[in-house]
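To keep things clear, I will list the structure first and then write my remarks on it.
The values are calculated or read from the model by the stated rules, or taken from the named source; none is laboratory data. Note that the coordinates shown come from a computational prediction; the quantities given were computed from them, not determined experimentally. In this analysis, Cβ positions are derived from the backbone assuming ideal geometry, glycine residues included, and neighbour counts consider all displayed protein chains. For accessibility, only protein heavy atoms count, side chains too; no ligands or nucleic acids. Shrake-Rupley method; radii C 1.70, N 1.55, O 1.52, S 1.80 Å.
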Amino acid sequence: MKVFGRYISVFLKFLVAAAVLIFLGANTIVTTTAREYKLITQFGEVVRIIDTPGPSLKIPFLQGTLSIPKYKMISDLYPSDVTTKDKKVMTVDSFVIWEINEPLKYLSSLNASKENAEVRLGNVVYNSIKTVMSATDQQDIISGRNGELASAIKDNIGGAMDSYGINILSVETKKLDLPDSNKEAVYQRMISERNNIAAGYKADGEYQSNLIKNETDRTVKETIARAEAEAEQIKAEGEAQYMQILSDAYNDQSKADFYNYVRSLDALKLSLKGSDKTIILDGDSELARILSGSEQ
């Protein structure tokens with residue numbers, strides 16, 4: 001029994017020693033992840049900042065740890081009304097993307113409280129939005145939603161949050177709207193502007209249409225005049241050829257006689273139209289001689 005009791009005693013001592021070692025190890029080893037800073041404190045003061053992931057050591061019981069976020073955070077800001085350069089009131093609903101880049105300043109100035117940080121961020125960002133938009137016309141603010149407005153707001157903030165250990169990455173507007181009292185007037189102005197643009201397009205179209213019509217009319221007139229000139233020229237050439245043929249015919253006696261003969265037959269043919277086929281001719285006429293056969 002004494003031997004068994006001795007074994008029990010040794011086993012219990014081993015368990016106590018193992019428990020003490022485990023307890024000491026848990027209070028000595030510090031594990032840091034990639035999403036946090038680990039601050040080692042001693043008597044309420046920060047003695048070391050661990051910003052790389054992995055295990056490290058601290059003095060047990062004497063030193064403590066504090067975790068501060070190392071990842072990017074998004075904070076919504078309360079919607080607020082601001083007045084533009086041209087005295088138009090606009091409602092801005094925005095958010096800010098930020099991170100902690102100096103954990104010691106963040107701890108000392110804001111007590112490592114995200115709520116305190118968001119209050120300070122809200123004040124700084126609102127003042128920047130108010131400053132930028134009060135120096136910009138409403139139309140330029142609306143057209144600057146492609147990133148120009150956000151860049152101007154961030155540039156205006158500058159290093160205002162440096163003393164808090166905070167780096168502002170971006171300020172974005174979720175909604176940029178008009179108070180209900182201003183919406184109708186703005187909508188009417190936008191409609192008027194669109195109507196003016198449409199009228200400009202219509203006037204330009206009519207101007208181009210008139211140019212095309214005038215050019216077409218000029219081309220048609222030139223074509224007709226050219227065709228009429230060509231027709232007159234062809235007609236003159238035909239008449240000249242006709243006169244030449246007559247001249248050639250009368251210059252030769254045999255051709256002249258044949259021509260007279262044909263013309264006489266044409267005249268007779270014209271006179272025999274209708275139901276009355278009787279004609280009265282002078283015996284000395286050319287046509288009478290042709291019909292009587294005396295014209296040889």
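List of remarks:
- Within the range 36-65, being of a type outside the set (S, T, Y), under 24 Å from N111 (Cβ atoms) and open to solvent by 60 Å² or more (accessible area, probe 1.4 Å) holds for F43, G44, E45, V47, R48, I49, D51, L62.
- Filter result for V92 (over 50 Å from the mean Cα position of the chain (by Cα), surrounded by 13 or more Cβ atoms within 10 Å (Cβ to Cβ) and at negative phi): no
- Checking K114, K105, K87 one by one, the residue that is at positive phi and either basic (K, R) or open to solvent by 80 Å² or more (accessible area, probe 1.4 Å) (or both) is K87 and no other.
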